[in-house]
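Below is one structure, written out as structure tokens; the observations come after it.
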Amino acid sequence: MKKLFALLFTFVLVSSSAWAFKREIVTIHSDAMNKDINATVILPDGYRKAKNLPTVYLLHGFSDNYKEWDELGKAATLADTHNLIIVMTDGGYDSWYWDSPVNPQNKYETFIAKEVVAYIDSHYKTLADRTGRAIAGLSMGGHGALYLAIRHQDTYGAAGSMSGGVDIRPFPKNWGMSKWIGTIDENPQHWENYTVTNMIDLLKPGHTQLIIDCGTDDFFFKVNCQLHEKLLKAGIPHDFYVRPGAHNWNYWRNSVKFQILFFSNYFESQKTQNNK
């Protein structure tokens, strides 16, 4: 019996120390929007001894906030798995990660791609280069991650979308988008310019590493398949995965593991090239 208790005690100790990442909640001031915005920063075990670590930025979906990837997505442990920093910043209830052309209150492109990156690089031991940064997100955040990565190719070396709303045009009355880019009837050109699927001509083949996935039962499945076809036609290398699943956390908790593995492999490949 004593041996059994000793074994159980040892198991508890090992289990409780299996993940040693550190979670920090920070407040980042946005000059562009003149407000303070929260973010969760996950530092891997061994961060104190590390020199410069790559960073993955995770964007949340419509109506969510900076807590969701941590609390529901269980993404924090991946910082330890791959020895990298994970940043989960708040992107607003329905911002779509745009700098709005019709409402100056919404400048989340500037906030995420410039102000957040500058804050993280100045406060943490990051690999402060595009080859040390990746950005990904789900749903609204999937669109946001690709949108920002395409428009800021000097900032991010890799990007991923999970169940992303990568073509907004079939959904003109949904998710508060018209509040930021006007209605599709009044501002049709905004709906053409502010959607990811129309931006792939801005990509340099092989310059930005892309991973895109979507569940077969997702309402964004069709637009993701169409984006995949357009990328193929344009000769843009990318990973594209289709799996059973719907637009929910059961799918995203699984998806994020593959996406961060993809980014980890990218970071390692860049390190190898730089050491040659």
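Nothing in this text is a laboratory measurement; each read-out follows from the coordinates by a stated rule. What you see is a predicted model, and the numbers here were worked out from it, not measured in a lab. Every residue, glycine among them, receives a Cβ derived from its backbone with ideal geometry; neighbour counts consider all protein chains shown.
Annotations
- Relative contact order %, the chain, counting alpha carbon pairs below 8 Å whose residues are six or more apart: 16 percent
- Summing charges over neighbours of Phe221, with a neighbour being any other residue whose Cβ is under 12 Å away from its Cβ, gives -2 when K and R count +1 and D and E count -1.
- Using alpha-carbon coordinates, inclination of helix 140-151 to the longest axis of the chain, degrees: 80 degrees
- Charged neighbours of Arg130, selected by a Cβ distance under 15 Å, balance to +2 (K, R count +1; D, E count -1).
- Reachable aspartates and glutamates, given that their alpha-carbon falls under 17 Å from the alpha-carbon of Lys114 and they are not under 8 places away in the same chain: Asp31, Asp36, Asp90, Asp99, Asp129, Asp154
- Crossing angle, helix 221-234 versus the chain [Cα axis fit, 0-90 degrees, rounded to tens]: 80 degrees
- Net length available on complete extension from Lys179 to Glu24 is 52.5 nm, with 0.36 nm assigned per residue and the Cα-Cα distance removed.
- Counting only DSSP beta bridges whose two residues both lie in the chain, roughly 35 percent are antiparallel.
- Taking trypsin sites (Lys or Arg not before Pro) across the stretch 87-152, none is in a DSSP loop with at most 12 further Cβ atoms lying within 10 angstrom of its Cβ.
- Local electrostatic count at Tyr251 - Lys and Arg +1, Asp and Glu -1, tallied over other residues with Cβ under 10 Å: -1
- Annotation for Phe219 and Lys67: the two label points, set 7 Å from Cα along the Cα-Cβ direction, are 2.5 nm apart.
- Unsatisfied cross-links (Cα-Cα over 28 Å) in the set Lys35/Lys179; Lys179/Lys222; Lys173/Lys204; Lys222/Lys257; Lys204/Lys271; Lys22/Lys222: Lys173/Lys204; Lys22/Lys222
- GNM result for the chain, Cα springs below 10 Å: residue of His123, His29, His228 fluctuating most strongly: His123
- The distance between label points at Asp36 and Glu229 comes to 5.0 nm (points 7 Å beyond Cα on the Cα→Cβ vector).
- Between Arg169 and Asn254, the FRET efficiency from the beta-carbon distance, with R0 = 30 Å, is close to 0.55.
- Rounded to the nearest 500, the 222 nm mean residue ellipticity of the chain from helices alone is -10500 deg cm²/dmol, with -39,500 (n - 2.57) taken per DSSP H run of at least 4 residues.
- Between Thr183, Thr195, Thr77, the GNM of the chain built on Cα springs shorter than 10 angstrom shows Thr183 fluctuating the most.
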